[in-house]
Each structure stands twice: as C-alpha cells, then as structure tokens.
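These notes are about the structure you will find just below.
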Amino acid sequence: MANVGSDKPNIRQVASIAGVSHMTVSRVLNDYPNIKPETRRRVLEAIEELDYRPNLVARALATQRSQRIGVIVESPVAHGPTSILRAVELAAREAGYSVTPIALYEGDAMTPHDAVDSLTTQGVDAICVVAPRSSSVAALRRVTMSVPMLVVKADPDPTFLTVSIDQHAGTTLVVDHLVSLGHRDILHISGPLDWLDARARERAFHTRAKSWGIRERPIVVGDWSADFAYDFAVGLQRLPEVTAIFAANDDTAIGLIHGLHDRGFDVPGEISVVGFDDVPLARHFLPPLTTVRQDFQALGGAVVEMLRAAIEQRELPPFTRIPTELVVRGSTAKPRESR
C-alpha cells in the first residue's frame, strides 16, 4: 500500500496515482457509463492501493442523493418477506447503499401510504415495497411518488417497477413432477388468496393441472401456517381420495405431514406432499420435504439493480422474473396403486 501518512487518502490522491482528473474518479465511483475500461481499471486499482473510502456525506451533497433505499415490508414474520428484505439489504450494501426498513404488521395503524410518506421524508433515493397483499398494492396506486418505487410482485404492473420470482414456473414444476410419478388426483392447499403469490400459485396450479387433464377439485384455502394444515389433516375422517397434495408453502406442507402422521397416514407411502420455499428445515423434516426453491439472493440483486438504474436515470432493465428450482426429496413417491 502507498504511504499516505496519517491523513486519510482523498480523491485527488486517487486521481494522481491513476493519472486522471478527480472528476473522472468521481464518475467511476458513481458508476457512470461511457468510461473507457482501461481508465476504470486504473482508477479502481488506485482506490485499492490507497484503501480509499469515499466520503458518503460529501457524495450525497454532490449528487443530491442519500445512498439509501427504503424498504416497506408487510408481514415481516413470514419466510418470503423476511428473506426478501435480507436479500435486498445484502445487495444494497454491495452497491454502496444502506437500507431503511419499515415493517407493516397485520392490524397495524400504519398504512402503506404512511410508510411511503415516512421514507420520503427521511430522504431515501428509492423505495422497494414487499407488500404481498393485493389490497396493499391497490392502496399504493393512490400514492404520489417523488422517488422511484419498485414492488416485488408476481406479474408486471403498469404503475410500478416490478421484480418477481417466477411463481408460475415453480408451480408448473410441482405439477409436472407429481404427474411424472403417476399422480392424477392432486389437491392444492393455497395460501390466503388476497396474497399475490398465493393467487399466482393457485392460478398456475389450475392451468397446469388442466393441461394434463387432471381431475379438477376445489382448493382448500389456508393461511400459510403449519397449524392450519395440521388441524386440516387431523380432522380428516379417512384418507382423502387424492394421491398427492401441493401445499402453497413449506410451513403448510410440514404441518400437513405432521397431521397426516398423527392420523396414521404414511407420507409418501399413501399420499405425497410438496411444499414451496425450501426453508432451511425442509431438508431435515421426516420425510425430507420435496419443495420449490426460491432464489431470494438473485431477487435482491435484481431489485437493487433496477432501483439503481432508476435513480441514476439509466435505461431500465425489463421486468425480471427470477427462475425457481424443484428440489426432490423424500415426501413424494409414485402412487401406491401404480407401484
């Protein structure tokens, strides 16, 4: 490392070592386009050599930006919203931004409109909304925005920037897996249908099941919880006619397996169960849970990249759907009659 004495290195020292102007260093730090790769390389090497750390306060004054993204998270105790917040925080940190979160709990007096006002007053550069309910998204449409807003939701939206995990493709993987094992009678236990992801999975399930000619059954509407699914299972008078159950999330699937076990029904010997999320405990449950893995890390990166493009008034990337992956474990097998 170069000897810079006791003083902290500054932008002009970086410029001197790189052989460029201090304005060029500033443009590299702010990720301006149209900088020659060789110039960018020299600047970055000089930054590393000096261990230079930009003065964020000075940068904020110069760029009129706070380098902060506000994140509104509804139902933060649920696995999906919590995982998305964590992923956005990590991606933002990598990009030189901090995150100011606001949590909205069920029954809370604070509304999405209040949360937007609070974050705007705090001077954030952009807002990401993890609002899983259709009613919350409808409320946000009535908000006048002074900074870019992105909503994490299943489908593109003409009002907001949007990024999502591909709920349709993930559900299709579930149905195709069960059909490949020989299942033709499948029950779906959904999440609350005012949640956008629950509705997207329910629609995708019916669409794919219909394409396979699977018998159409009414769904069971749950509340995402293991307790609901456990109570449903222990309340069964006999083994259901279906040979497989697709639970809308892993908590529901785990509660369901527990309840079926307590009723004396074997999973997957008598009935197969699939979840959605791939929570950390899914691989350790008995039987280990077949489920759909959501790549929250990729989602967080896409959120931050789109918001940075909007903040810097660059060309925005198209609506982004993050792929899903089916993880096959021990909770699914061929139907008993086809073995």
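Things to note:
- Helix 37-50 vs. the chain, principal-axis angle (Cα, 0 to 90°, nearest 10): 80 degrees
- Taking Tyr230, Tyr105, Tyr52 and ordering them by how much accessible surface each has at a 1.4 Å probe, largest first, produces Tyr105, Tyr230, Tyr52.
- Percent of beta bridges antiparallel (DSSP, region 59-205, rounded to nearest 5): 5 percent
- Computed E for Leu236/Arg12 - FRET, C-beta separation, R0 56 angstrom, nearest 0.05: 0.15
- A 1.4 Å probe run over the protein chains yields, for the chain, 49 Å² of accessible area per residue, whole-number rounding.
- With all protein chains in place and ligands, DNA and RNA left out, the 1.4 Å accessible area ranks Met145, Met306 as Met145, Met306, largest first.
- P(r) tail fraction, region 155-272 - alpha-carbon pairs more than 20 Å apart, %: 43 percent
- Taking all protein chains together and a 1.4 Å probe, the residues Phe296, Phe276 rank Phe296, Phe276 from largest to smallest accessible area.
- Relative contact order %, region 69-146, counting alpha carbon pairs below 8 Å whose residues are six or more apart: 43 percent
- Helical content alone sets the calculated 222 nm signal of the chain at -12500 deg cm²/dmol, taking -39,500 (n - 2.57) per DSSP H segment of four or more residues and averaging over every residue.
- Heavy-atom accessible surface of Arg40, to the nearest 10 Å², is about 60 Å², with a 1.4 Å probe and all protein chains retained.
- Working from Cα pairs under 8 Å separated by at least six residues, relative contact order for the chain is 15 percent.
- Surface composition of the chain: carbon plus sulfur atoms hold 52% of the accessible area, using a 1.4 angstrom probe and ignoring ligands, DNA and RNA.
- Applying the criteria of a DSSP loop state and at most 11 other Cβ atoms within 10 Å to the GluC sites (Glu not before Pro) of region 195-282 yields Glu216, Glu241.
- Extension gain for Lys36 to Glu312 (0.36 nm times residue separation, less C-alpha to C-alpha distance): 97.5 nm.
- The heavy atoms of His206 present about 50 square angstrom of accessible area, all protein chains included, probe 1.4 Å.
- All lysines inside 28 Å of Lys334 as judged from Cα atoms, apart from same-chain residues fewer than 8 positions distant: Lys210
- Once both labels are positioned 7 Å from their Cα atoms along Cα-to-Cβ, the gap between Glu305 and Ala138 label points is 3.4 nm.
- Cβ-derived FRET efficiency at R0 51 Å, Leu193 paired with Thr100, nearest 0.05: 0.95
- Shape parameters for the chain, alpha-carbon atoms, Rg then Dmax in Å: 24.6, 80
- Loop trypsin sites (Lys or Arg not before Pro), region 204-247 (other Cβ atoms within 10 Å of the site Cβ: 15 or fewer; DSSP): Arg215, Arg238
- Distance between the pseudo-spin-label points of Asp114 and Asp227 (7 Å out from Cα toward the beta carbon): 2.5 nm.
- Amide hydrogen proximity for Ala103: with H placed 1.01 Å from N in the peptide plane, the residues at 5 or more positions away or on another chain lying under 5 Å are Val73.
The values are calculated or read from the model by the stated rules, or taken from the named source; none is laboratory data. These figures come from a predicted structure and were not determined experimentally. Because the Cβ atoms are built from the backbone with ideal geometry, glycine has one as well, and the counts that use them run over all protein chains shown. All accessible areas refer to the heavy atoms of the entire protein, side chains included, with ligands and DNA or RNA removed. Shrake-Rupley method; radii C 1.70, N 1.55, O 1.52, S 1.80 Å.
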